[in-house]
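Below is one structure, written out as structure tokens; the observations come after it.
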């Protein structure tokens with residue numbers, strides 16, 4: 001609490017942790033590349049430099065406000081520093097702006113114009129590094145990187161993934177995945193939050209609009225589009241309309257003009273998810289399962305769990321995400337219904353999310369060579385398509401979604417917000433446990449943008465303890481707290497992106513700091529305006545269960561709407577060779593999970609026993625990273641056979657197997 | 001043997017066990033990352049990426065961060081280095097007193113070049129350094145921990161010959 005003087009004007013400050021926040025509060029938009037209030041302060045871009053009496057020129061972002069400070073924000077010196085910094089950044093930047101994906105939305109381009117940088121006196125970048133397109137969702141172009149490190153901090157501090165990092169020093173510094181591998185080979189969960197904060201075109205959505213145009217032009221294909229809830233309240237931003245305006249009707253009209261045959265609503269599949277997930281939740285409770293159930297709608301979270309928490313995979317709901325339930329429904333049920341060959345139906349999802357691109361490619365979602373979802377387009381890509389063909393969304397007349405799958409309840413629509421899944425499930429569970437229809441109740445506790453939202457809800461004699469988390473770091477911490485017993489919950493909703501899907505990385509880059517909350521608000525308004533607000537009331541679901549699925553969690557439902565998970569190796573291609581030569585291969589996993597289960601002790605014990613028995617020469621022992629069999633960890637592979645749960649006590653047994661192998665009579669172990 | 005492979009004796013269970021001893025000694029504390037890396041490099045003579053991945057796992061930090069620290073400091077190498085690391089000082093004083101002919105002599109004798117700084121048998125690595133702070137002894141050469149002052153081309157050749165014959 002205190003007062004500082006900014007350009008001669010007194011401004012009081014309260015909670016603001018740095019001078020930059022106070023300056024912005026005073027209505028001066030000091031530019032920045034590397035400052036994001038949700039990330040740690042880096043102070044690298046030098047755009048927010050200010051002149052403070054007694055301190056000289058300092059970064060406003062990394063200076064705490066003190067009572068009586070005299071701050072100037074635009075002296076000639078400061079303006080020169082900013083201009084020079086941008087000029088130097090541009091000198092080492094691939095300046096092919098006209099063909100850059102980010103053109104028009106690029107912070108570097110914007111600041112160059114805004115600060116009046118008209119000339120680059122330091123020549124041009126003469127180095128060209130290859131573009132990394134190995135990731136399913138994210139395109140990385142190191143030639144466009146300005147080393148602000150926003151992506152690195154986002155990935156590490158908010159998402160707890162750490163797929164990207166700085167390497168080298170000085171003029172050789174770069175931002176790259178671990179060990180300079182490609183982004184497809186490291187533990188990236190495809191959430192895309194790195195590119196959501198990237199100020200330039202260094203990290204962009206991997207555009208697949210060409211494939212969409214191709215499918216639309218193919219006369220043999222019936223193109224079916226599903227639109228995710230969060231898309232409708234954000235796509236307008238790309239056309240200069242306010243965040244939060246629901247433009248579903250206009251988007252339908254635009255897609256029809258593009259030549260889409262049927263436009264449906266993913267909210268319907270969200271309703272289906274509510275029914276299946278609630279059923280699963282109640283079954284788990286009945287079975288006396290003590291572990292909480294985690295939601296599985298968010299593919300980035302699912303992948304994170306596969307990499308980092310294989311021990312929790314059995315606690316993940318087996319429900320597919322709404323996108324995949326929808327694809328399955330189209331390719332199986334709808335194809336039958338309209339008597340079409342499923343391969344002639346081309347399903348495009350419009351998603352706020354980049355991880356959905358990777359999800360749709362998972363092998364579990366291809367059956368008999370039919371891919372459930374053929375193509376995933378982000379909100380950004382769809383906006384780009386509309387612009388390419390000259391459609392201004394704001395000027396179109398609204399059009400209705402198609403039947404039969406163009407209808408979702410309010411509960412389904414809420415899926416787009418963090419807490420939405422929980423609220424939708426709660427409405428359903430409340431009725432179920434009470435054994436009667438209850439009026440719709442809102443659960444304000446699960447709304448809002450706190451990272452962890454714990455809730456207790458009582459229905460009759462039953463109490464349900466819920467936790468809503470968004471941001472993967474929060475999810476990670478939640479799991480740790482559950483493991484230590486610090487917190488006991490029954491259901492955990494996880495969304496990887498802060499704010500949930502409305503804050504997805506496939507959405508247009510937010511123009512203002514309140515853009516994301518406007519979208520969330522818009523979605524809650526949309527849900528309030530729906531006639532039916534409980535998933536179970538969706539009349540289409542009734543038809544689906546009557547004509548196709550039977551009942552919730554039936555074998556047909558399981559086959560079409562549920563899935564399995566597998567543990568994943570965090571980084572491809574790193575193995576520790578311990579003994580050279582061509583002998584019997586014994587590999588001990590020292591990946592995260594097996595390591596925590598004590599695999600190193602097993603490895604040491606094995607080595608010392610081999611040594612003492614004089615078998616050191618005959619056996620080639622290696623430490624390896626992850627057989628992707630974490631549930632059975634610690635894993636040991638002898639020859640080509642993986643042995644599960646090899647604890648210290650089982651080392652003698654392993655020794656016996658090794659001796660059997662060496663004497664040429666391998667014996668199967670259970 | 002290819003250059004990317006560690007010499008056989010380095011890659012043993014013994015060295016790997018040492019990694020764990022080192023990690024335990026530092027209580028698996030991520031704040032001790034730099035000393036941990038230094039000690040591991042002493043054991044392996046370089047930092048193999050798979051060991052870095054393991055260190056990240058144990059310390060609970062991202063492999064990208066561990067790799068970032070490794071590449072930030074020039075003392076760390078992710079490429080195998082020779083058993084003898086020859087550092088020829090090319091700071092101002094040494095340069096004036098003839099460090100260039102020394103570098104050329106080493107390159108010639110060991111078959112090294114600007115791009116190829118380690119011998120194929122992984123015995124020698126040649127490095128030029130900016131200043132060793134012993135300008136009074138210029139030109140200075142340091143091989144592992146041993147400092148050689150006022151080194152002439154003949155003396156350099158002699159030292160190399162001694163080291164080579166000691167290895168035969």
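Within segment A:460-476, how many residues are assigned to a helix (DSSP H, G or I) and in contact (Cβ under 8 Å) with a residue 60 or more places away in the chain? Let's see the steps before the verdict.
Within segment A:460-476, the subset assigned to a helix (DSSP H, G or I) is A:472-476.
Then drop every residue that is not in contact (Cβ under 8 Å) with a residue 60 or more places away in the chain, which leaves A:472-473, A:475-476.
Qualifying residue count, segment A:460-476: 4.
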Next on the checklist: Based on this model, can you work out whether residue A:41 counts as within 20 Å of residue A:154 (Cα to Cα) and in contact with a strand residue (DSSP E or B) (Cβ under 9 Å, 6 or more places away or on another chain)?
Outcome noted: yes
Checklist entry - Can you name the residue in segment A:177-189 that is more than 12 Å from every other protein chain (Cβ to nearest Cβ) and surrounded by fewer than 24 Cβ atoms within 10 Å (Cβ to Cβ) and is also farthest from residue A:304 (Cα to Cα) among such residues? => result A:182
Item to check | Answer from A:377, A:401, A:386, A:345 - the residue that is surrounded by 18 or more Cβ atoms within 10 Å (Cβ to Cβ), out of contact with any strand residue (DSSP E or B) (no Cβ under 9 Å at 6 or more places or on another chain) and in the same structural domain as residue A:275 (by TED's automatic domain parsing) | outcome: A:386
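Return yes or no: is residue A:169 within 14 Å of another protein chain (Cβ to nearest Cβ) and without any contact (Cβ under 8 Å) to a residue 12 or more places away in the chain? Let's see the steps before the verdict.
Values: within 14 Å of another protein chain (Cβ to nearest Cβ): yes; without any contact (Cβ under 8 Å) to a residue 12 or more places away in the chain: yes.
Spelling it out, residue A:169 is indeed within 14 Å of another protein chain (Cβ to nearest Cβ) and without any contact (Cβ under 8 Å) to a residue 12 or more places away in the chain.
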Checklist entry - Just checking, which of B:59, B:33 is within 24 Å of residue A:172 (Cβ to Cβ) and surrounded by 18 or more Cβ atoms within 10 Å (Cβ to Cβ)? => result B:33
Item to check | Count of residues meeting criterion [surrounded by fewer than 18 Cβ atoms within 10 Å (Cβ to Cβ) and within 18 Å of the chain's Cα centre (by Cα)] in segment A:195-235 | outcome: 1
Next on the checklist: Go through segment A:158-176 and report how many residues are crowded, with 24+ Cβ neighbours inside 10 Å, in contact with a strand residue (DSSP E or B) (Cβ under 6 Å, 6 or more places away or on another chain) and not in a loop (DSSP other than H, G, I, E, B).
Outcome noted: 3
Item to check | Members of segment B:150-161 found to be within 21 Å of the chain's Cα centre (by Cα) and loosely packed, with under 14 Cβ neighbours inside 10 Å, listed by number | outcome: B:161
Checklist outcome for this item: Counting only residues in segment B:67-91 that are more than 8 Å from chain A (Cβ to nearest Cβ) and not in a loop (DSSP other than H, G, I, E, B), the one surrounded by the most Cβ atoms within 10 Å (Cβ to Cβ) is identified as B:89
Checklist entry - Going by the structure shown, is residue B:43 in contact with a helix residue (DSSP H, G or I) (Cβ under 6 Å, 6 or more places away or on another chain), part of a helix (DSSP H, G or I), more than 12 Å from chain A (Cβ to nearest Cβ) and modelled with pLDDT under 95? => result yes
Checklist outcome for this item: Residues of segment A:420-444 being closer than 18 Å to residue A:517 by Cα and without any contact (Cβ under 8 Å) to a residue 12 or more places away in the chain, in sequence order, are A:444
Item to check | Residues of segment A:610-640 satisfying the condition of being buried (at least 16 other Cβ atoms within 10 Å of the Cβ) and within 12 Å of another protein chain (Cβ to nearest Cβ) | outcome: A:610, A:616, A:619, A:620, A:621, A:622, A:623, A:624, A:625, A:626
Checklist entry - Does residue A:494 satisfy being touching a strand residue (DSSP E or B) at 6+ places or on another chain (Cβ under 7 Å), surrounded by 23 or more Cβ atoms within 10 Å (Cβ to Cβ) and assigned by TED's automatic domain parsing to the domain that holds residue A:238? => result yes
Item to check | Any hit, segment A:134-147, residues being touching a helix residue (DSSP H, G or I) at 6+ places or on another chain (Cβ under 6 Å), closer than 22 Å to residue A:309 by Cβ and within 14 Å of chain B (Cβ to nearest Cβ) | outcome: no
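Looking at segment A:134-148, is at least one residue surrounded by fewer than 15 Cβ atoms within 10 Å (Cβ to Cβ) and either in contact (Cβ under 8 Å) with a residue 12 or more places away in the chain or touching a strand residue (DSSP E or B) at 6+ places or on another chain (Cβ under 7 Å) (or both)?
Scanning segment A:134-148, I find no residue that is surrounded by fewer than 15 Cβ atoms within 10 Å (Cβ to Cβ) and either in contact (Cβ under 8 Å) with a residue 12 or more places away in the chain or touching a strand residue (DSSP E or B) at 6+ places or on another chain (Cβ under 7 Å) (or both), so the answer is no.
The values are calculated or read from the model by the stated rules, or taken from the named source; none is laboratory data. Computed from a predicted structure; not experimentally measured. Neighbour counts are summed over all protein chains in view; Cβ atoms, including those assigned to glycine, are modelled from backbone coordinates with ideal geometry.
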